[in-house]
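What follows is calculated from the coordinates using simple rules that are stated; it is not laboratory data. It should be emphasised that the depicted structure is a prediction, and the values quoted were computed from it without experimental measurement. With ideal geometry, Cβ positions are generated from the backbone for all residues, glycine too; neighbour counts draw on all protein chains shown.
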Amino acid sequence: MKIADKLKQRDKNEKAKKSPAVTQKNIEESREEVLANGKKYRYPFQYAKHRLVINTILIAVVAVVAFVTVGYLQLYHFQTTSEVAYRFTSVLGLPVAEIDGHKVRYSDYLMLYRSSIRSIEYQSGKLDDSEDAKSQISHYKRQAMNEAEDYSYVLAKMDELGLSVSDEEIDALIEEHKTINGERRSDEVFEEIVKDNFGLSLRNYRRLISLSLAKRKVAEEVDTAAKDMAAEIKAKLAQNDGDMAALVQEYSNSNIFSYEKTDSAVSVNNLDSGRAAQAYALAEIGDISDVFVSKNGDGYYIVKLTARSEGKVSYESIWIRFSKLADDLQKIRDEDKVKEYINLEDSADGGETVDNELTEIPGENGE
C-alpha cells in the first residue's frame with residue numbers, strides 16, 4: 001500500500017474514533033455532547049447582550065436626567081417664556097405655583113403672559129432692551145401669574161359649586177367674537193386676527209375663553225350681595241319711573257354701585273360690556289332692560305335707552321360690581337396661602353392692562 005493511502009486510512013480511523021457513528025443507542029449522548037460544545041459560543045454572546053442592555057439603560061437614564069435638569073433650569077431658574085416652553089409645560093402639565101392648595105398650571109401662566117406681550121407688541125411695536133420695556137415685561141409677568149392663580153382657584157371652586165363650562169357656551173362666545181364692527185369674519189380671517197392680536201392658536205383661544213367663562217360663573221354664583229342689590233334696584237326703578245340718577249345719592253356709600261350716562265351716541269357694537277347692544281334692543285325710548293351680567297363678567301348691568309338712531313344709541317346704566325370673588329382671592333393672598341415656584345420681580349403698578357379674559361376682541365388693527 002502506498003504511503004499516501006496509508007495516511008488517508010489513518011485519518012479516517014482517527015476521525016472514526018473521535019466521532020463515532022450516531023446510532024439509536026447513543027443519540028441522547030451525542031445530543032448532550034453537541035449542546036455542551038455549543039455553550040462556549042452561547043455564553044460570550046449572552047454576556048455581550050447583557051452589556052448592551054445595561055449600557056442602553058444607562059444612556060437612557062443619563063439622557064432623561066439631563067433633559068429634566070435642562071428643562072427645570074430653563075423653566076424654574078431662567079424662566080424662559082418661549083413657544084417651546086409653553087408646549088412643553090402644556091404636555092407635561094407642570095405647575096408654576098399653588099393657591100389655597102390648588103396647583104397652578106405653568107402653561108396657563110405662559111399663555112396669559114405671551115398673549116399680553118403679543119397684544120402690546122402688535123399695537124405698539126416690539127419691546128426692546130430699555131428699562132421701560134423691562135419694567136413692562138415684569139409688570140405683565142406679575143399680572144399673568146396673578147390671573148393664572150385666580151383661574152386655578154376658580155376652576156377648583158367650580159367643581160365645589162357643581163358648575164361647568166360647556167363647548168356650546170364656548171362656541172357661542174366665539175361666534176360673537178367673529179362679528180367685528182357688525183361684520184362676521186370667516187374662520188380663516190378670524191384665526192389670523194387671534195394670532196395677530198394675541199399670538200394664540202384657536203385651541204389656546206378656546207382655553208382662555210373657557211377660563212374667562214368659568215371666572216364669570218363663579219363670580220356670579222358666590223356674590224349674593226350683588227344679586228340682592230340688583231333685584232332691589234330693579235324694583236326701585238319700577239317704582240320711580242326708571243329714574244336712575246335718583247338712586248345715585250341713595251347708594252353713594254356703596255362700593256359696588258356705579259351710575260353712568262353716555263355723553264353722546266355710541267355704536268351699537270361699542271366695546272362696553274354689552275350695554276350698547278342691550279340698550280339698542282329695547283323697544284321704546286325710556287325702556288329699561290332686565291338685569292344682565294356684563295360681558296367682562298365683572299358685575300350686573302341695568303341699562304335705560306335714552307336715544308337711538310341708525311346703528312347708534314345713547315343710554316344710562318347702573319353697574320353692580322361683583323366683589324366677593326375678588327375679596328376671597330385677596331384674603332387668600334393676605335393669609336399667605338399662595339406659593340410660587342418661580343421668583344418674579346414685583347414691578348410698580350402702571351402700564352396698559354390687557355384684558356386676557358377675551359370677552360371682546362379688537363379688529364385687525366386693534367380697534
Residues meeting the amide H criterion for residue 287 (H placed from the backbone, H to H distance under 5 Å, 5 or more places apart or on another chain) are 305
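Work out how much length residue 60 to residue 342 would gain on full extension: take 0.36 nm times their residue separation and subtract the Cα-Cα distance, in nm to one decimal. Each step should come with its number before you reach the end.
On the way: separation 282, 0.36 × 282 = 101.52 nm, distance 2.87 nm.
The residue 60-residue 342 span can extend by a further 98.6 nm.
D for the stretch 83-222, whole µm²/s, Stokes-Einstein with Kirkwood Rh over alpha-carbon pairs at 25 °C and 0.890 mPa s: what number?
Working: Rh = 16.3 Å.
This corresponds to a translational diffusion coefficient of 150 µm²/s.
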Those trypsin sites (Lys or Arg not before Pro) from the stretch 262-338 that are DSSP loop and have at most 15 other Cβ neighbours within 10 Å turn out to be 337
Going through 134/157; 195/295; 126/312; 261/331; 178/304 one by one, the pairs whose alpha carbons sit over 31 Å apart turn out to be 134/157; 126/312; 261/331
Residue 189 and residue 231 label points (each 7 Å along its Cα→Cβ direction) are spaced in nm at 4.5
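At R0 = 51 Å, how high is the FRET efficiency between residue 326 and residue 284 if r is their beta carbon distance? Nearest 0.05 is fine. Spell out each step's value before the answer.
On the way: r = 37 Å, r/R0 = 0.72.
So the FRET efficiency works out to roughly 0.90.
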